[in-house]
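Peer 1: Structure in C-alpha cells, see below.
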C-alpha cells in the first residue's frame, strides 16, 4: 500500500491520478482523432455505437463532408469510425464507407487530367474490386476505395505492369488473375466513374473488368481476336424510322500479340438502314496505343491514333471519314504527322 508524508501528499496524489489516467487511455478501444473525409455510398445510416443492435441516429448521402472524430473496432474486428456530418449529426459507421480528403483530391486530379480523352471502351466490374490511385497492387497504400460488383466505368487508357511474384489484395483480384492463366503482365485500366461523384477517376485491375461491348459489335469479332475498344461515329437513319450506329472498332489478337499494344487492327462497322445490316467498308492492320481520338462535325470528321512502327516509335496517323447515304462510309488513306 502506497503511503505519503505530509509534505509530499499532493505530489503523490497527482502521480496516482496520472497513473490511472494512463491506464484508462491504454485500455480504451476507442482512439480519438480529427480527419476530414467524404461519404462514398449513395445513402448510409449512422448508429449510436458500434454494437450490432445500435439504433440509427442519422443518415448521410454520397459526397457529404464529414469529420472523423474517433475510431473503434466492433466485436468482430470490423473498423468503425465516429463522424460528425454537415448538419451536426454525430454517429458511428463502418470505416469503409468513408474516404479521406487527400484521396478524394488525388482522384479528382486524375479526372481533370483525362477529362478531354474520349472513352475507348465501357466496362463493368465482375466482383468487388479496389479503385487505386496508381496502376499497381504491390501494396495497399494507393487504394482509394472498394467498388461494388457491377460498377460501370469508362475506360480511357490501358497500362501493363510486370506481374509481381506475390500480390496482396482482395480475393476477387487474386482469383481473377489466376483464372486468366499465367501471364507476364498485369493489365490496368484508367477509368472514369460517372456514378461516383466523390471518386471520379482512378486505376482498376483489368482482370476484374468485363467489357460491355454492344451486341451488334460483338457479332463481328474475328476468330482468334478480341475487341479492345470502340467509338461511335454517328447514326444512320432510314426512311421507315429505323436507325443504327456506325462504329470505329479496335481489335487485337488473343494470342501472340505484343503485350504493350492496345490494338493491332482497326475497322469501320457501318449500318445500312435500308437492309438493316452491318458491313465493314474499311479495315487496316495497324498496331497502336490508346487513346484514339474521333471528331465528327455532321457527316464529316476524322480520327487520329498513335501507331507504333517497327522501331517502336510512335507515329500519329490521321484518317478522314465521310458518312454517305444508305449507310455508306468513306475513309481516306491516313496522313502521317
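Nothing in this text is a laboratory measurement; each read-out follows from the coordinates by a stated rule. These figures come from a predicted structure and were not determined experimentally. With ideal geometry, Cβ positions are generated from the backbone for all residues, glycine too; neighbour counts draw on all protein chains shown.
Peer 1: By count of other Cβ within 10 Å, fewest leading, how are 184, 225 ordered? Let's see the in-between values first.
Peer 2: Details: 184 8, 225 16.
So the residues, fewest neighbours to most, are 184, 225.
Peer 1: Can you sort 282, 320, 255, 303 by how many other beta carbons sit within 10 Å, fewest first? Each step should come with its number before you reach the end.
Peer 2: Values: 282 17, 320 14, 255 6, 303 22.
Least to most surrounded, the residues fall as 255, 320, 282, 303.
Peer 1: What do you get when you divide the Cα radius of gyration of region 29-100 by 2.2 N^0.38 Å, with N the number of residues?
Peer 2: Details: Rg = 10.9 Å, N = 72, 2.2 N^0.38 = 11.2 Å.
Against the compact-globule rule of thumb, the ratio is 0.97.
Peer 1: Quickly work out the residue 52-to-residue 237 label distance, labels modelled 7 Å from Cα along the C-beta direction, and quote it in nm with one decimal.
Peer 2: Using points 7 Å along Cα→Cβ, the separation is 6.1 nm.
Peer 1: Using the number of other C-beta atoms within 10 angstrom as an exposure proxy, rank 153, 44 with the fewest first. Present the calculation step by step, with values, prior to reporting the outcome.
Peer 2: Details: 153 26, 44 17.
Ordered from fewest to most neighbouring Cβ atoms within 10 Å, 153, 44 come out as 44, 153.
Peer 1: Which distance in nm do the two modelled labels at residue 76 and residue 149 give, with both placed 7 Å along the Cα-to-Cβ direction?
Peer 2: A separation of 1.7 nm, rounded to one decimal place.
Peer 1: I'm checking a number: the convex hull volume of the Cα atoms of region 257-337, normalised per residue, in Å³. What is it? Show your work: numbers first, answer last.
Peer 2: Working: hull volume 7.8 nm³, N = 81.
Once divided by residue count, the hull of region 257-337 is 96 Å³.
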